[in-house]
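The values are calculated or read from the model by the stated rules, or taken from the named source; none is laboratory data. Everything quoted here is computed from the prediction, not taken from an experiment. Note that each Cβ is placed from the backbone with ideal geometry, even for glycine, and that neighbours are counted across all protein chains shown. The protein model used for the area step is the full one, side chains on, heavy atoms only, and it has no ligands, DNA or RNA in it. Shrake-Rupley method; radii C 1.70, N 1.55, O 1.52, S 1.80 Å.
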Amino acid sequence: MTSSRTNPERPADPEGVTGPAGPAGLTGSAAWELLLPAVSAPARARGRSLQEALREAVRSGRLAPDTRLPSSRDLAADLGVSRGLVTEAYEQLTAEGYLRSGRGAGTWVGGAVRAGRPRARDLAPRSPGARADFVPGTPDLSLFPRAAWAAAQRGVLAESPHELLGYPDPRGLPRLRTALAELLTRRRGVVADPERLVVVSGVAQATALLGFVLHARGMRTVGVEDPGSPQHDALYASAGVGTVPLPLDEEGLAVGPLRASGVRAVVTTPAHQFPTGIAYSARRRAQLLDWARSVDGLIVEDDYDGDFRYDRAPVGALQGLDPEHVAYAGSVSKSLAPGLRLGWLLVPESLTDEVVERKRTMDLGHPTLDQALFARFLERGDYDRQLRRCQRAYRQRRDTLVAALEEHFPGARVTGIAAGLHVIAELPEKYGPQEDFLERVAGAGVAVRPLTAYAHARAGDAVVRLVLGYAHLSPGRIRAGVRLMADARHPHGL
């Protein structure tokens, strides 16, 4: 088969194009050779393979627009297949718009195709290839309990009725909501009614759900902690809700600026504020609840790492004090893996119907097999064992990081409570200014984030304050990473 555009100085060949190469630069024999792998397929799949090969040749530009194809008889003879197979392929691709034909005018490549060769890019967040990566937020994925998870998966597949594979209650499977309610009541002190629990794809979806519901109720702004999680701005913006940054003091979110802001909803991390690492005081918790009651407002409690406290039992969730003014969200992203996209949202009764309806229209419910699997994992005690395992590992790594900072940065101060997956390290003045320090450690191959990176007003800071994540690093890598920072701390080796 040969292919070329119509040449006005050369009459069209009704039985197919012959002669020099066409626009794609293919010679007469090479043009049809791209179809040969298709016709070597098994007989029952040969027609479908030929059609797909022609589609791909057109999409990729190897057969350019306005290229005339051989007659079905000639192409069938060249490929060694039946003429009917080629005729069917031409007819199918003509119907789809890849080819065009006319009575007595032959078959041509159509001009409608604009698709290039598809590429599957991976946009998942990845480490920048640093020699030491202290960017917070990632757990140790090697701690994922593969054997226990696989056993739970086999059990679920064996025991589940066919009905499980249908559309679920948008709130989640009753079995999972019941198990979650028991867990959250026991471990986090929440008031957990399974009827008000919604299984979600992580705290991100919980945030978006609440944003849509608040927007529908007329709210156009919510308060957020400053410094705080950078994800909140984009998540609420996707629901048409803006964010108002509100400052913190040593007890938590400052109540005076909150009242002055005029917002009626605020996002908080009271058990372990992100990123400063403080725990809200009992007095500040009471003041926040007084504010919520006075404006008939909503406190959104993001309990992102509340299970991990190393110096004492974790402080119970704020939601347990007033479940009608606090929406409580959590997930398995720090305890199991963020890739599971599995979390929960416990909402006040007044918001339940609206949140559930929004969840239904958003995705018709969370995947049922994943829900049944996690329910079994909870019921058999596997999740409690996993939390204890993570608790031991992360406590050891935090202790290692604190000791390494004391050794290599004398006078450094670690602030915040002994909890979670990160620490705040404030270095002595001689290691500043901060921008110079960050530039030096980046040049040494160490990835770190300053505390100012999580503030809405990202001004420079003379004092170096770092948010150091450690959960995903082995003790050896923690020590080596701190040593690298120390080696790069000052051009004159102070």
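Output yes when any residue across the range 3-19 is at pLDDT below 90, surrounded by 13 or more Cβ atoms within 10 Å (Cβ to Cβ) and in a helix (DSSP H, G or I), and no when none is.
Scanning the range 3-19, I find no residue that is at pLDDT below 90, surrounded by 13 or more Cβ atoms within 10 Å (Cβ to Cβ) and in a helix (DSSP H, G or I), so the answer is no.
For the range 36-92, give me each residue that is hydrophobic (A, V, I, L, M, F, W, C), more than 25 Å from G111 (Cβ to Cβ) and not in a helix (DSSP H, G or I).
Result: A41, V81.
Would you mind telling me which numbered condition in (1) free of Cβ contacts under 8 Å to residues at least 12 places away in the same chain; (2) within 25 Å of S201 (Cβ to Cβ) T368 fails?
Failed condition: (1).
Counting just the residues of the range 216-237 that are part of a loop (DSSP other than H, G, I, E, B) and modelled with pLDDT of 95 or more, which one comes out surrounded by the most Cβ atoms within 10 Å (Cβ to Cβ)?
Among those residues, the one meeting the criterion is G228.
In this structure, is V200 surrounded by 19 or more Cβ atoms within 10 Å (Cβ to Cβ) and touching a Phe, Trp or Tyr at 6+ places or on another chain (Cβ under 7 Å)?
So V200 passes the test.
If I filter the range 141-158 for residues that are in contact with a Leu (Cβ under 8 Å, 6 or more places away or on another chain) and open to solvent by 80 Å² or more (accessible area, probe 1.4 Å), do I get at least one hit?
Yes, the range 141-158 has at least one match.
Please state which one of T361, T368 is β-branched (V, I, T) and surrounded by fewer than 19 Cβ atoms within 10 Å (Cβ to Cβ).
Only one candidate qualifies: T361.
Return the residues of the range 425-449 that are under 30 Å from K334 (Cα atoms), outside any helix (DSSP H, G or I) and open to solvent by 10 Å² or more (accessible area, probe 1.4 Å); say none if nothing qualifies.
Passing the criteria: E426, A444, G445, A447, V448, R449.
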